[in-house]
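Written below as structure tokens is the structure these notes are about.
Derivation of every value follows stated rules applied to the coordinates shown; laboratory data play no part. Bear in mind that the values here come from a model prediction, so they are computed numbers and not experimental data. Note that each Cβ is placed from the backbone with ideal geometry, even for glycine, and that neighbours are counted across all protein chains shown.
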Amino acid sequence: MPKERFLVLQPGERRPGRVPLPPGCDVKARTADTEGRLAILENQLDVDIPPHIHHHADEFVYVLDGAMEVDVDGTTHRLTPGMCALLPHGIPHALRNASQPPARCLQISAPGGWEEFVEDLCEAGPAIRKGGQPDLDRLNEIGAKYGMEYHG
């Protein structure tokens with residue numbers, strides 16, 4: 001194992017990126033840290049994630065606190081602390097918060113790139129919303145680079 005890739009993070013610490021991410025979106029291992037293999041984030045589900053497909057990446061979520069709902073293939077699955085879900089690439093899914101305070105989860109995406117997508121969204125700022133809702137055209141424009149496709 002190359003020593004220069006070894007990481008230890010303290011509680012609440014996050015890996016720095018090219019732009020600041022919002023509170024509750026903490027990158028624990030960047031794509032560059034893992035030679036592209038995966039990205040690991042600790043996320044607080046402050047906003048619902050509309051239906052979408054990852055064409056290249058598998059996504060794994062493990063609930064740390066609170067509750068969240070995952071919609072897959074017409075079925076809603078409620079996840080509570082200690083529960084997890086593997087969302088394989090090519091399978092449409094949506095994520096919703098189902099608790100107060102909002103759910104907090106560990107998210108692993110393989111291959112990596114997820115934190116770079118989130119940084120691109122942060123750079124776009126309010127442009128990714130239209131009338132208080134996600135602007136799916138803008139999300140798809142940004143997501144295309146990462147094999148992401150959002151649906152209404």
Charge sum, other residues only, whose C-beta stays under 12 Å from His52's C-beta, Lys/Arg counted +1 and Asp/Glu -1: -4
So for the chain, averaging the separation of alpha carbon pairs under 8 Å that are six or more residues apart and normalising by length, what relative contact order in percent results? 27
Partner lysines whose C-alpha sits under 29 Å from that of Lys130, ignoring same-chain residues fewer than 8 away, are Lys145
Cut-off 15 Å between beta-carbons: net charge of the residues surrounding Ala39, Lys and Arg +1, Asp and Glu -1: -2
Toy charge model, Lys and Arg Cβ at +1, Asp and Glu Cβ at -1: the range 76-152 dipole around Cα centroid in debye, rounded to 20, equals 440
Just want the answer: with Cβ charges of +1 for Lys and Arg and -1 for Asp and Glu, which residue in Ala29, Ala110, Ala98 is farthest toward the dipole's positive end in the chain? Ala29
For Lys3, the aspartates and glutamates lying under 18 Å Cα to Cα, once residues fewer than eight places off in the same chain are dropped, come out as Asp33, Glu35
Summed residue charge, Cβ within 12 Å of Pro23's Cβ, Lys/Arg positive, Asp/Glu negative: -1
In nm, to one decimal, how far is the modelled label at Asp73 from the one at Ala32, with both set 7 Å along Cα→Cβ? 3.9
The range 38-152, Kirkwood Rh and Cα Rg, ratio Rg/Rh at 0.94
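Quick one: dipole size for the range 8-138, taken about the Cα centre, charges +1 on Lys/Arg Cβ and -1 on Asp/Glu Cβ, in debye to the nearest 20.
Dipole about the Cα centre, nearest 20: 160 debye.
Compute the FRET efficiency between Tyr62 and Cys122 as 1/(1 + (r/R0)^6), taking r as their Cβ-Cβ distance and R0 = 22 Å, and round to the nearest 0.05.
0.40
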